[in-house]
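Working notes for the structure below.
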Amino acid sequence: MKEPFLAAVPVLQKLEDAGFEAYFVGGSVRDFLLDKDINDVDIATSATPEEVKQVFSKTVDIGIEHGTVLVLYQNESYEITTFRTETEYQDYRRPKEVIFIRNLTEDLQRRDFTMNAIAMDKIGHLIDPFHGQRAIKEQIIQTVGQGAERFQEDALRMMRAVRFVSQLSFRIENETLASLSDLVHLLENIAVERKQAEFEKLLSGMDRKKALQLIIETNIYSYLPGLVNQKDRLTELLEFDCNHLNSREMWTLLVYCLQLEGKAIEEFFRDWRLPLNEIRVIQRISYFLKKRSDSTWSLYDLYAATKEIFISAEKIYLVINGIKDSDTIFHYLSVYEKLPIKERSEMNLTGNDLIEWYNQNGGPWVKDKLLLVEQAIIDGNVSNDKRVIKEWLMECNHK
Ligand code: ATP
Ligand code: MG
């Protein structure tokens, strides 16, 4: 076994000492078997949430109705979920009722794919009643039980299947894929927030283009915000060599393909329930991407964009134009680093200085003049020194 499991072994031990069963489960076990980096270690136990809370001194209720308690142990936090089964599902999403059980196999059975239904005990012994290891070896995404039944219980699993294609480069097993194609319309019932979380992970996976191709082929796209009837534009995205873009840059490339600008970008992402500050960042990248398509970067645009945004815009520009080397990014980065100021607060001039020098009341002219000086500093026409700025303003009669 390796970290972070080793650090969590005492957590399992404590539950066992209290008379319960406890195992590592879910994505962490799968990623361990794939020799990938492991994010969160999830733990499943026969102890009820109340019992878990009695075993550990520091706990947080994060989803007690689903049986999940967050346990803080030696500076780490662990989600500990009680073995559970789910009764009838309503509206193709939420189970009507969650029932806590004492049996591991039944808990594994309610999980989505065989590769995600493997448990590991504290000495590294695997419990794998649904042959998840075989699926991992064969690189197959297969539902636990009948695909049709499992997708009807929770239609989000269809999107999860495709996002795992992107992240793991696995393929969806034939029957599972056939059920997915049949039942894709059930995605209508799924909350946008849940779709967004899966799509976001899909966008940053290694095999994102294969996954996007599947999104198109299976018609999933028709059930995603803003993508209905956009098959052709979505297909354009597949032409780009975009694997090195992060998910924010992928979103930007997507709205580029959809030919959205300004307010339309905001509406698109509001429909996806992206946070407003993230929407603003994507809008800015899109704005500078468009500018970049018309000309090279001016000093002032580099400054106005800020580093993070101009790098993203330039990366996307290179992708769109099929330019493989990233020389221009390094070139503009060195130009950016040499800018005399990086933000307005570094400018040695305030509105009050102007009001005093010109002996005039404040008004819109102050903002205009600040901008004039800011631009002159960036372009190297005046140095960022209050005395020099004053001279420059007076000499040139920049009133
Ligand atoms: P990641 O590495 O992205 O966290 P993960 O497989 O751990 O992937 P989670 O969303 O963290 O995904 O879910 C943890 C586990 O819970 C899954 O491995 C799976 O066993 C189970 N699970 C999650 N969502 C569902 C679902 N919709 N239906 C059935 N089981 C699910
Ligand atoms: Mg997980």
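The values are calculated or read from the model by the stated rules, or taken from the named source; none is laboratory data. Bear in mind the structure is a predicted one, so any value in this text is a computation, not a measurement. Glycine also receives a Cβ, built like all others from the backbone with ideal geometry; neighbour counts cover every protein chain displayed. All accessible areas refer to the heavy atoms of the entire protein, side chains included, with ligands and DNA or RNA removed. Shrake-Rupley method; radii C 1.70, N 1.55, O 1.52, S 1.80 Å.
A few points about this structure:
- Net charge in the neighbourhood of Glu200 (other residues with Cβ under 14 Å of its Cβ; Lys, Arg +1, Asp, Glu -1) is +4.
- When each of the peptides 247-256, 273-282 is scored by how many other beta carbons lie within 10 Å of its residues on average, the order from highest to lowest is 247-256, 273-282.
- Neighbours of Leu276, meaning other residues whose beta-carbon lies under 9 angstrom from its beta-carbon, give a summed charge of 0 when Lys and Arg score +1 and Asp and Glu score -1.
- Highest-MSF residue in the chain out of Ser295, Ser286, Ser77 [GNM, Cα springs under 10 Å]: Ser295
- Helix 307-320 and the long axis of the chain differ in direction by around 70°, with both axes built from C-alpha atoms.
- Rounded percent of accessible protein surface that carbon and sulfur make up, region 142-224, 1.4 Å probe: 43 percent
- Once the Cα-Cα distance is subtracted from the 0.36 nm per residue extended length, the Arg134 to Ile62 segment shows a gain of 22.6 nm.
- Annotation: per residue accessible area for region 198-284 equals 46 Å², rounded to a whole number [probe 1.4 Å, protein chains only].
- Gaussian network model of the chain, Cα within-10 Å springs - most flexible of Leu214, Leu371, Leu224: Leu371
- The C-alpha atoms of the chain define a longest principal axis, and helix 364-378 lies at about 80 degrees to it.
- When each of Lys209/Lys338; Lys315/Lys342; Lys307/Lys367; Lys122/Lys209 is checked by Cα-Cα distance, pairs over 30 Å: Lys209/Lys338; Lys122/Lys209
- Fluctuation leader among Ala313, Ala178, Ala117 - the chain, Gaussian network, Cα springs under 10 angstrom: Ala178
- Against the main long axis of the alpha-carbon atoms of the chain, helix 327-337 sits at an angle near 60°.
- A viscosity of 0.890 mPa s and a temperature of 25 °C, combined with the Kirkwood radius over C-alpha pairs in the Stokes-Einstein formula, give the chain a diffusion coefficient of 99 µm²/s.
- Inter-part distance where region 11-47 and region 222-259 are each reduced to a Cα centre, Å: 37 Å
- Neighbours of Glu21 by Cβ distance under 13 Å: Lys/Arg scored +1, Asp/Glu scored -1, total -3.
- Taking amide H as placed 1.01 Å from N in the peptide plane, Ile141 has its amide H under 5 Å from the amide H of Arg171, Ile172, Glu173, each at least 5 places away in sequence or on another chain.
- Difference of contour (0.36 nm per residue) and Cα-Cα distance, Glu278 to Ser181: 31.7 nm
- A probe of 1.4 angstrom, applied to the heavy atoms of all protein chains, finds His244 with accessible area near 110 square angstrom.
- Backbone phi angles across region 10-20, fed through the Karplus curve with coefficients 6.51, -1.76 and 1.60 (θ = phi - 60°), yield HN-Hα couplings of x, 5, 4, 4, 4, 5, 5, 4, 7, x, 10 Hz in residue order; Gly and Pro are listed as x.
- Once the 1.4 Å probe is applied to the protein heavy atoms, region 344-392 comes out at 60 Å² accessible per residue.
- Backbone amide hydrogens, once placed in the peptide plane, bring Met347 within less than 5 Å of nothing, excluding anything fewer than 5 places away on its chain.
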